[in-house]
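What follows is a short report on a single structure.
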Amino acid sequence: MELQNLEKNLEREHDLLKRYASHYAVLENERYRIMFYNRQTMFTILGIIIGWVLFSMSNRFIDNFTVSVFALFISFAVGIFGMRYVIGPRLDNKKQMEMKQASTIRYQPIIQEMNEINQLLELNNTIPAKYRTVDATAKLLEYIQNKRIDSLKEGLNLYENEISRDRQTNRLNFMAEQNQRIIHNQKFMLKNQRKMINQQTLTNVLLFFR
């Protein structure tokens, strides 16, 4: 009976955590969209257009070819630099603030639901906060359904053992990859050394018959 209650509570927590994780992913995607929003390409094109306009206006009063080329360079430099690094970033920052305000309003229901889920998880309190994750609750449910545990304590210990084993496996795999890289580099160096020896031998032979 105790195990059945644990399973029900874990299922409830697992569903809540999945919903929370799904909402969190949506908010993170939106945050990155706003954070990396920029119109540098557009501002560069506008800078080129402005540079051309500036050059066209100034070139009317220039008769010397060298001065004209210099004016062309200055006009494009001012236009591109001004739009890409001065005016553009300010306009992008303003746009990002507008996007952030709009997103806050648009995602307010999701934020509110996430706060409610947090409160429900705190009230439920079936498992320690450390194990309040989608992966941990899924594993604990799997242990119960496969009859591998008889209590929450056994499940948590089994989960910790599996995590430790996975970490050790990953560490061993990483070390094996590092060793493979070292062996590959040593083979490459040995191959180059053999080439150098062969070239030096050939050189010595040729020098002998001079």
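May I ask you to verify whether GLU7 is of a type outside the set (A, V, I, L, M, F, W, C), touching a residue at least 12 places away in the same chain (Cβ under 8 Å) and surrounded by fewer than 11 Cβ atoms within 10 Å (Cβ to Cβ)? Taking the combined requirement at face value, the residue does not satisfy it. Checking TYR24 against (1) open to solvent by 100 Å² or more (accessible area, probe 1.4 Å); (2) part of a helix (DSSP H, G or I); (3) farther than 19 Å from LEU121 by Cα: exactly one of these is not met. Which one? Of the numbered conditions (1) open to solvent by 100 Å² or more (accessible area, probe 1.4 Å); (2) part of a helix (DSSP H, G or I); (3) farther than 19 Å from LEU121 by Cα, the odd one out for TYR24 is (3).
Per this entry, LEU72 is not counted among residues that are surrounded by 15 or more Cβ atoms within 10 Å (Cβ to Cβ) and out of contact with any Phe, Trp or Tyr (no Cβ under 8 Å at 6 or more places or on another chain). For the range 98-116, the tally of residues that are open to solvent by 60 Å² or more (accessible area, probe 1.4 Å), farther than 15 Å from LYS18 by Cα and free of Cβ contacts under 8 Å to residues at least 24 places away in the same chain stands at 8. If you filter the range 32-60 down to residues that are part of a helix (DSSP H, G or I), over 14 Å from PHE76 (Cβ atoms) and in contact with a Lys or Arg (Cβ under 9 Å, 6 or more places away or on another chain), you find that the one that is least open to solvent (accessible area, probe 1.4 Å) is ILE34.
Scanning the range 125-152 for residues that are closer than 14 Å to ARG12 by Cα and touching an Asp or Glu at 6+ places or on another chain (Cβ under 6 Å), which turns out modelled with the lowest pLDDT? Per the stated criteria, the residue is THR126. Which of the residues that make up the range 119-152 are within 27 Å of the chain's Cα centre (by Cα) and surrounded by fewer than 11 Cβ atoms within 10 Å (Cβ to Cβ)? The answer is ALA129, LYS130.
Condition test on ASP166, is it at pLDDT 80 or above, under 30 Å from ASN29 (Cβ atoms) and open to solvent by 70 Å² or more (accessible area, probe 1.4 Å)? Taking the combined requirement at face value, the residue satisfies it. Here ASP63 meets the list (1) more than 30 Å from THR41 (Cα to Cα); (2) surrounded by 12 or more Cβ atoms within 10 Å (Cβ to Cβ); (3) among the charged types (D, E, K, R) almost entirely, failing just condition (2).
The C-beta contact set for the range 137-166 (first residue more than 18 Å from ASN5 (Cβ to Cβ), second residue open to solvent by 80 Å² or more (accessible area, probe 1.4 Å) and at pLDDT 90 or above, distance under 6 angstrom, 6+ apart or interchain) is empty.
The values are calculated or read from the model by the stated rules, or taken from the named source; none is laboratory data. What you see is a predicted model; the values in this text were computed from it and never measured. Using ideal geometry, Cβ is built from the backbone for each residue, glycine included, and neighbour counts are taken over all protein chains shown. Heads up: the accessible areas ignore ligands, DNA and RNA and are worked out on the full protein's heavy atoms, side chains in. Shrake-Rupley method; radii C 1.70, N 1.55, O 1.52, S 1.80 Å.
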